[in-house]
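Each reported figure results from applying straightforward, stated rules to the coordinates on display, with no laboratory input. What you are looking at is a predicted structure, and each value in this text was computed from that prediction instead of being measured. Cβ placement follows ideal geometry from the backbone for every residue including glycine, while neighbour counts extend to all protein chains displayed.
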Amino acid sequence: MAEKIAGIGSRVQHSRYGLGVITGIRLTTYLITFMEAGPHEINQFDEKLEVIDAVEISSEIETLSEVEKSLLGILQKWADVQEVVPLGERWLKGTIILKPSDPKLQSKELPIELFFHKIIMLRDRLRVLEQNINSHSKLTDADKVNMQQYITRIYGTLTTFNVLFRDRNHQFVGEKGKQE
């Protein structure tokens with residue numbers, strides 16, 4: 001793919017996901033909605049990605065995008081608005097049991113829905129942190145990329161919990177998954 005960054009609305013072709021349209025731009029990735037595969041975040045320099053019809057980056061569109069991100073961040077932070085993420089059916093009404101190695105100590109049981117809710121809250125707060133880093137005016141691009149790498153590693157650490165999610169598109173994706 002060319003070094004030039006395409007704007008929102010650009011039509012693209014990806015060898016794995018097919019035809020799509022760029023619907024958002026982050027520091028080093030595009031948010032692309034593909035006709036068949038749905039929304040995916042793809043590295044801007046992915047060799048499998050080809051821009052078919054580039055749209056110039058418009059300051060008005062980008063400004064609107066920034067306002068939208070800021071508003072979403074504010075709502076998530078202060079209104080406790082969260083995306084509805086369904087728990088896998090096999091875990092519904094399940095229980096997590098924490099059993100200490102010392103048999104004299106009491107086990108702890110909690111509903112799996114409560115544990116799942118905490119994981120979703122963690123994921124939402126990581127996303128807000130990611131947005132704050134990407135929109136921070138005093139951080140250099142190098143600082144943003146460095147901090148973004150830590151967030152990606154955190155997501156990678158949390159992939160253990162992906163077994164709880166019903167839909168794959170809600171799961172955590174670490175470094176290996178981002179390279180696709």
At a temperature of 10 °C and a viscosity of 1.306 mPa s, determine how fast segment 81-178 diffuses translationally according to Stokes-Einstein, using the Kirkwood radius over alpha-carbon pairs as Rh; express D in µm²/s, rounded to the nearest whole number.
102 µm²/s
Compute the distribution of all C-alpha to C-alpha distances in segment 126-180, in bins of 10 Å from 0, and list the percent of pairs in each, rounded to whole numbers.
23, 47, 25, 6
How do LYS104, LYS118 line up, fewest other C-beta atoms within 10 Å first?
LYS104, LYS118
Expected sort for SER101, SER10 with the fewest Cβ neighbours (10 Å cutoff) up front is SER101, SER10
May I ask you to evaluate 6.51 cos²θ - 1.76 cosθ + 1.60, the Karplus curve with θ = phi - 60°, for each residue of segment 113-119 and list the ³J(HN,Hα) values in order in whole Hz, giving x for glycine and proline?
4, 5, 4, 4, 4, 5, 5
Here, ILE112 and ASN162, labelled 7 Å along Cα→Cβ, have an inter-label distance in nm of 1.8 nm
Sorted by Cβ density within 10 Å, fewest first, the residues LEU158, LEU114:
LEU114, LEU158
